[in-house]
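The values are calculated or read from the model by the stated rules, or taken from the named source; none is laboratory data. Note that this is a predicted model, so its numbers are computed, not measured. Here the Cβ positions follow ideal geometry from the backbone for every residue, glycine too, while neighbour counts run over all protein chains shown.
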Amino acid sequence: MTESQLQKLLGSTAPDPGCEGSGEFMDEYCELVSSGEPLPDRFAAFLTHMANCVACREDTESLLALLLEQEKTNTG
Amino acid sequence: MNTLAIDQESAEWLRDLQGNGAAREHATARLHALLIRVARGEASRRRSTLPGRAIEDVDDLCVQAASDALMAVLAKLGTYRGAARFTTWACKFAIFETSTRLRRHAWRQRKVELDDTIWDRLPDAAPPVLQRLENDQLIVALHRAVRDHLTERQRFIFQSVTMDDVPIDVLAERLGTSRGAIYKTLHDARAKLRRVLIEAGHGEPVS
C-alpha cells in the first residue's frame, strides 16, 4: 500500500472543520489563490479538509477554474 | 456577524437584492442568469465523468441547480460577510448544487453495495520484499479494524468512499442525509481506525 493510498483511506489527523465549515472559506480561498496572494495560516484546517474530502476539493477546483477563466476573459 | 469592507459591485448586488420592486427583480434575474452560466460551465467541465446516456438530461439539471442555488443565495444573503466578491460567493452555491446533481446523475443506475472482495484488490506497486511484508500486515490489520471496530454504517461509508470511489453526494442521497453528515461519519471512522492501528503497533499510519 503506498503512502497516497493510505492517505486516501485514513485521511489526515490534523484539525478538519468538515464540509460545511470549509465551505465558508471556499470563495475567499479561491480569490486569494487566483490573485496569487499568500494564504494566511487560518486556512490550514480548510486545506486539511481539501485533502480529506474529494467532493469539496473538486468543488473548490471548479470555483477556482471559473475565477481563472473570468480573469483570462477580462484581461484578454 | 462581522462584515468586512465590501467592494462597490458587491455592495450594489446586496443593496438591489435586499431592496424592493424593479431593482430587486432585475438583480434577481441577472443573478439567476449568472448562476445558469456557471452551472452550464460546471457541467461542461464534468462532461467526461458522465456516461453517454446521462448527457441529454444535463441542461435541465443545470437549470434546476441554478434555481436551487438562487434560492440558497437569497435565503443566506444575511450571512454574506464580504470575505470574497459577492459573485464569487454566489457562484459557490451554483457549483455545489450542480456538482452534487451531476455526481448523482452519473451514478443513478449504479448500485452501491458493501463489497468485501475489494480488500483483495487493494493495488500494490510491487515494493521491495520487506516493505511488501509490512504492507500486507498493515492491510490485514486495517481490514480487521474495519471489521471489528466500525459500526455497520461506518463500515459501509468508509469502504464505499475510500475504496470503491463512490461520491459522497451519492451516498448522502441513497442514505437520505447530507454531504456533511456522511463526511462526519467517515471522519469518525478514520479516527477510530487510526487509533486501533496505533494500539496494534502500526505506529501513526498517516500524519
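Tabulated data
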read-out: Answer residue from the stretch B:72-92, given it is surrounded by 13 or more Cβ atoms within 10 Å (Cβ to Cβ) and aliphatic (A, V, I, L, M) and is farthest from B:Q8 (Cα to Cα) among those; value: B:A72
read-out: Qualifying residue in the stretch A:53-61 (condition: small (G, A, S), buried (at least 18 other Cβ atoms within 10 Å of the Cβ) and more than 28 Å from B:S10 (Cβ to Cβ)); value: no
read-out: Residue match in the stretch A:41-58 (condition: farther than 20 Å from B:L35 by Cα, outside any helix (DSSP H, G or I), in contact with a Phe, Trp or Tyr (Cβ under 7 Å, 6 or more places away or on another chain) and of a type outside the set (D, E)); value: yes
read-out: All positions within the stretch B:73-96 that are more than 10 Å from chain A (Cβ to nearest Cβ) and in a helix (DSSP H, G or I); value: B:V73, B:L74, B:A75, B:L77, B:G78
read-out: Failed condition for A:A51, given (1) within 8 Å of another protein chain (Cβ to nearest Cβ); (2) in contact with a Gly (Cβ under 9 Å, 6 or more places away or on another chain); value: (1)
read-out: Breaking point among (1) touching a Leu at 6+ places or on another chain (Cβ under 7 Å); (2) at pLDDT below 95, for B:G19; value: (1)
read-out: Residue, surrounded by the most Cβ atoms within 10 Å (Cβ to Cβ), within the stretch A:62-73, restricted to residues that are at the interface with chain B (Cβ under 8 Å from one of its Cβ atoms) and not hydroxyl-bearing (S, T, Y); value: A:L63
read-out: Residue within the stretch B:37-57 that is more than 27 Å from B:V166 (Cα to Cα) and surrounded by 13 or more Cβ atoms within 10 Å (Cβ to Cβ) present; value: yes
read-out: Hey, B:A27 over 21 Å from A:E58 (Cα atoms) and in contact with a Phe, Trp or Tyr (Cβ under 7 Å, 6 or more places away or on another chain) or not; value: yes
read-out: A:S22 farther than 29 Å from B:I118 by Cβ and in contact with a helix residue (DSSP H, G or I) (Cβ under 8 Å, 6 or more places away or on another chain); value: no
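Here's the yes/no breakdown for (1) more than 9 Å from every other protein chain (Cβ to nearest Cβ); (2) among the aromatic types (F, W, Y); (3) within 22 Å of B:V161 (Cβ to Cβ); (4) part of a helix (DSSP H, G or I):
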{"position": "A:S4", "(1), (2), (3), (4)": "yes, no, yes, yes"}
{"position": "A:L9", "(1), (2), (3), (4)": "no, no, yes, yes"}
{"position": "A:S12", "(1), (2), (3), (4)": "no, no, yes, no"}
{"position": "A:P15", "(1), (2), (3), (4)": "yes, no, yes, no"}
{"position": "A:G21", "(1), (2), (3), (4)": "no, no, yes, yes"}
{"position": "A:D27", "(1), (2), (3), (4)": "no, no, no, yes"}
{"position": "A:G36", "(1), (2), (3), (4)": "yes, no, no, no"}
